[in-house]
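Written below as structure tokens is the structure these notes are about.
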Amino acid sequence: METINRNFNTTIDYISDKSNQNQDNSESCIIQQSINQMLRLEIESYYFYTDMEVYLYHLGLNGMSNWAKLQASEELDHFKKHVEYAKIKKISITLPGIDEFNQKFSSPLDSFEKALSQEIKLGDFYNSLDHKATNFKNPSFSNYLTIFVNEQDEEINLLDNIVKRVKLAGSNSGLLIIDHDLAQREV
Ligand SMILES: [Fe+2]
Ligand SMILES: [Fe+2]
């Protein structure tokens, strides 16, 4: 793997600290692999919400579809944030391959339940990574991860609430009320 220029404190600190070089290298390796996984998961979420956007649009639920479209764009923003982080911290990245992605949904409720599962999956991932990073020598990466741990908590709560409301709504007029509500989302 390529040598990574660590930028936790300063590069000079790193070079002068020969006694910890092996450990720091392995820590850098873990961070590089983690960033690549984070990129893959965020782009997977972007694909997921794009499938959801098209599915809901074809059902005539334009408000829900627009909500999923904005959610997809938020996931892409997360992906780009990780790219920016890699640039600033001088971490080499390996962009994930683009496999065919075709998420199937059986109903609007099913689409929101699968969205909730997707957010829980990312929440578990960021949480376990954050847990691991607390043992690292420099808090920079852990601080960065905390932003996404909190972000996932918000998204899980939001999706959980939507799932509950879609269940209560049942079908037809109830769904259209939620469709109207979700159409209000602007970002
Ligand atoms: Fe995300
Ligand atoms: Fe998300």
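The values are calculated or read from the model by the stated rules, or taken from the named source; none is laboratory data. If you're wondering where the values come from, they're calculated on a predicted model, not measured in any experiment. FYI the Cβ positions are ideal-geometry reconstructions off the backbone, even for glycines, and counts take in every protein chain you see.
Can you find a residue that is of a type in the set (V, I, T), buried (at least 19 other Cβ atoms within 10 Å of the Cβ) and closer than 25 Å to N143 by Cβ anywhere in the stretch 93-104? Checking the stretch 93-104: not a single residue is of a type in the set (V, I, T), buried (at least 19 other Cβ atoms within 10 Å of the Cβ) and closer than 25 Å to N143 by Cβ. Within the stretch 33-43, the set of residues being buried (at least 19 other Cβ atoms within 10 Å of the Cβ) and of a type outside the set (A, V, I, L, M) comprises S34, E42. Exactly one residue out of I156, I147, I162 is farther than 20 Å from M52 by Cβ and within 16 Å of ligand 2 (Cβ to nearest atom): that is I147. Here are the criteria: (1) among the aliphatic types (A, V, I, L, M); (2) surrounded by 15 or more Cβ atoms within 10 Å (Cβ to Cβ); (3) at pLDDT below 95. Tell me which single one I15 does not satisfy. Every condition holds for I15 apart from (2). Please identify the pairs in which a residue from the stretch 28-48 that is among the small types (G, A, S) has its Cβ atom under 7 Å from the Cβ atom of a residue that is within 15 Å of ligand 1 (Cβ to nearest atom), counting only partners at least 6 apart or on another chain. Between residues of the stretch 28-48 that are among the small types (G, A, S) and residues that are within 15 Å of ligand 1 (Cβ to nearest atom), the close pairs are S34/L129; S45/E75; S45/Q118; S45/L122.
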